[in-house]
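Worksheet: one structure, shown below.
The values are calculated or read from the model by the stated rules, or taken from the named source; none is laboratory data. Remember, it's a predicted structure, so these values are computed and weren't measured experimentally. Quick reminder, even Gly has a Cβ in these numbers, built from the backbone with ideal geometry, and neighbours come from all protein chains shown.
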């Protein structure tokens, strides 16, 4: 009897469940659910990096770059498209039914899977026989030189025509760094001082160094001991060359001094009560950043100026304000540590806090996803690398970085051009 009762009880329960399920289906619907209104499976036909976001082999720049995805069935509303790179979501910044623009996440590799999901479509976008695009390539734009760690305090930064990097350590050694992955730097030369605000190669192949005094030193081509070369008219920390091999230098003396190839010298421009904190020659002008250290509160406290190079002898025109930095960033904003230019005339400004680099023309921070301040020294190589000395206060934060771009730096007259 108990077995018979159990049997009929189970049958009754089964019929009850079927009846309840049928009761929940609306009379105007069919079963199974009608999927005829769902979108068709989207299709990917092409994936490629933005030209400003890739290297010469079309490998995309992870974290900072943008890519385009072409195909069919996308939503024109960016938020209704989701794009994943090995599972990490990218940021869709613009969209149409046939094209998406996506900011890359920080995913690096040669075999990345790209999935595209569109609102209303049950399946990921199709590429050939797959439901994802494959393979996609992305790389890191930043490499740190392993030879420089927290135990080495390195100042200055120079780059030769072969993109070898040079720094001065507090052990009074000038180190040559040939590859970011190498842990064994070469000793290129020696110095009588332990730190330098600026070092650059000159047209004669010598390495020029400053120490914040009137003296300018140089190491002969091929390396050796840094020896005093000339005494400038004022205290200088930063220097650069023009196409006629004139050397321009400035620092706490508040002047732009000019040293000719024959070592004769003159004062080209005066910035009274200003400390010149960076100097770069570009497109027929000498550009400087400077901080006011006088008592007149009406003066521009920090800014960037330029002086036109008037002739082959290096004579300079009037001081021309480029930007009032204090007005732009505020009194509590970051300070300028270094300036340089790319081949298109964009000015890159190295900063001491908040962000590492600011682009003056575009009025935006650069590579903030992967760079942190300070950017003490910015120096272009001979190709598409910008080198940064992060000479931070904390030893753990000090690094020498090689940062990749899709463009070259402006012409530097201190080394031969390829």
Unique residue being outside the structural domain of residue 394 (by TED's automatic domain parsing) and either crowded, with 20+ Cβ neighbours inside 10 Å or part of a loop (DSSP other than H, G, I, E, B) (or both) when the list is 152, 112, 174: 112
Residue in the range 259-268 that is closer than 13 Å to residue 316 by Cβ, crowded, with 22+ Cβ neighbours inside 10 Å and in contact (Cβ under 8 Å) with a residue 24 or more places away in the chain present: yes
Residue match in the range 270-279 (condition: under 28 Å from the mean Cα position of the chain (by Cα) and surrounded by fewer than 22 Cβ atoms within 10 Å (Cβ to Cβ)): yes
Number of the exception - residue 353 against (1) in the same structural domain as residue 242 (by TED's automatic domain parsing); (2) assigned to a loop (DSSP other than H, G, I, E, B); (3) farther than 23 Å from residue 276 by Cα: (3)
So residue 209, is it assigned by TED's automatic domain parsing to the domain that holds residue 232, under 26 Å from the mean Cα position of the chain (by Cα) and under 22 Å from residue 250 (Cα atoms): yes
Subset of the range 388-418 (residues that are within 24 Å of residue 152 (Cβ to Cβ) and part of a loop (DSSP other than H, G, I, E, B)): 391, 392, 393, 394, 398
Where residue 124 falls short, out of the listed (1) surrounded by fewer than 17 Cβ atoms within 10 Å (Cβ to Cβ); (2) at pLDDT 95 or above; (3) assigned to a loop (DSSP other than H, G, I, E, B): (1)
Some residue of the range 289-311 being in contact with a strand residue (DSSP E or B) (Cβ under 6 Å, 6 or more places away or on another chain), over 28 Å from residue 363 (Cβ atoms) and either at pLDDT 95 or above or not in a loop (DSSP other than H, G, I, E, B) (or both): no
